[in-house]
Amino acid sequence: MPYKPPPHPASRFLRDPRLPWLEIRRVRAGNAFNHGMHSHDCHSFGAIVSGHSEYRNGRHCTDVSRGDTVIINAEDRHACNSVSTSPWSYDMIYLDSHWLAQRCPAAAGDTGLDVPMFSATTSRNPRLHQALMALADALDSSAVTRLERESHAEALAGILRETLHPHQPADVPPERLARVMEFMAAERQRDIGLEELCRIADCGATSLIAAFPRHYGVTPHAALVDLRIRQARQRLRHGEAIAEVALDCGFSDQAHLQRTFKRLLATRPAHYQGRRLRP
C-alpha cells in the first residue's frame, strides 16, 4: 500500500468584534498540537470532530473521541492531546463566564458563585455537540449575519442550561492557599520568590509546595506561569505587540513568551493574533 503522508495541521481562531464574549478555535488534523496543563478565565466547550484523545481535567482523566463534548469550567486546569494516528480535529468554543451566568443562573446561584459551575466534564449529548459545531460554522462564514451568530450562541446556552447540572466544588482550597493565588494573580508580572509566598501563606516552603498540587493540581510556579499566560492571551487578543506583552506579563523576553505559550496552548502568539499557521 503506498505511503500516504498525514494531512497538514490546520488551526484558526475565529472572532467577531461585535461579540467580545465569544471566541472559537477550529483545529483539523491537529495531532502534533500538544497542550500542557493550563486554565482559562472563561468557560470552554469542545466538540470532538474526529480522532481520539486523552482529556485531563484536574484529577480526572478520560478518553474522548468523535461525538464527545468536553466541558471545562472557568479556572479548571486541563489538557487534551491526541493518542491516535487518525486526524485529531475539534471545535473549541470559549464563552465569557459572566455572559453564560446570565443564561444559566441556576448553575451559578446554586454554587454560591457569580459564574456557572457544571458537574460534568464530558457529554455524549448529540444536541450539545451539534449546537457547538453550528456556532463554529456560523462564526466561520462571512455570509452569516450577526443576528444569526447571536441566535446560535443563545441556542447553545439554552442547551447547556437544560442538559448540564450545577455542582458545588467539593475541595475548596484553604484560605492560606487562596491568599497566595490572589497575590500571584495581582503581582504576576513580578519576579516573585518562594519566601514571599510562604509569608503570605504563613507556612513553610515544604508545606506550601506539597499543598498546592493537592488543591490546584500544579506547583506554585506552574500556577504563576499559567496566570501570566492567561493575561498575555487577553492582551494579545486585543492586538498588542508580542514583545510588549511578554515584558508586561512577567516573561524575560518575547522568545520566552513564545515558548511558554506554545507549550501550554499548542499555538504561537502570532497565530493566536490571526497570522497564518506554519506547518
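The values are calculated or read from the model by the stated rules, or taken from the named source; none is laboratory data. Being a predicted model, the structure only gives us computed values, none of them experimental. Note that we place each Cβ from the backbone using ideal geometry, even for glycine, and neighbour counts take in every protein chain shown. Quick note on the areas: whole protein, heavy atoms, side chains included, nothing else; ligands and nucleic acids left out. Shrake-Rupley method; radii C 1.70, N 1.55, O 1.52, S 1.80 Å.
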Exercise for the section: Test each condition in (1) open to solvent by 70 Å² or more (accessible area, probe 1.4 Å); (2) in a loop (DSSP other than H, G, I, E, B); (3) modelled with pLDDT of 95 or more for residue 1 and report the one that comes out false. Expected result: (3)
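Tell me, which helices (runs of 4 or more DSSP H) lie completely within the range 114-200 with 3 or more residues that are open to solvent by 40 Å² or more (accessible area, probe 1.4 Å) and in contact (Cβ under 8 Å) with a residue 40 or more places away in the chain? Give the steps one after another, and end with the answer.
Details: elements: 126-140, 146-163, 175-186.
Because the criterion is at least 3 residues that are open to solvent by 40 Å² or more (accessible area, probe 1.4 Å) and in contact (Cβ under 8 Å) with a residue 40 or more places away in the chain, the helices (runs of 4 or more DSSP H) in the range 114-200 that meet it are 126-140, 146-163.
Among the residues of the range 196-215, is there at least one that is under 30 Å from residue 29 (Cα atoms) and of a type in the set (Gly, Ala, Ser)? Give the derivation first.
Within the range 196-215, the first condition is being under 30 Å from residue 29 (Cα atoms), and the residues that meet it are none.
The answer is no; no qualifying residue exists.
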Practice task
Quick one: which residue in 18, 25 is outside any loop (DSSP other than H, G, I, E, B) and either in contact (Cβ under 8 Å) with a residue 40 or more places away in the chain or on the phi > 0 side of the Ramachandran plot (or both)?
Solution key: 25
Fill in the blank from the handout: Here, strands (runs of 3 or more DSSP E) confined to the range 52-110 with at least 1 residues that are farther than 20 Å from residue 233 by Cβ and among the charged types (D, E, K, R) are 52-57, 60-65
Handout entry: Restricting the range 29-81 to residues that are of a type in the set (S, T, N, Q) and open to solvent by 50 Å² or more (accessible area, probe 1.4 Å), the residue that is nearest to residue 12 (Cα to Cα)
Key = 34
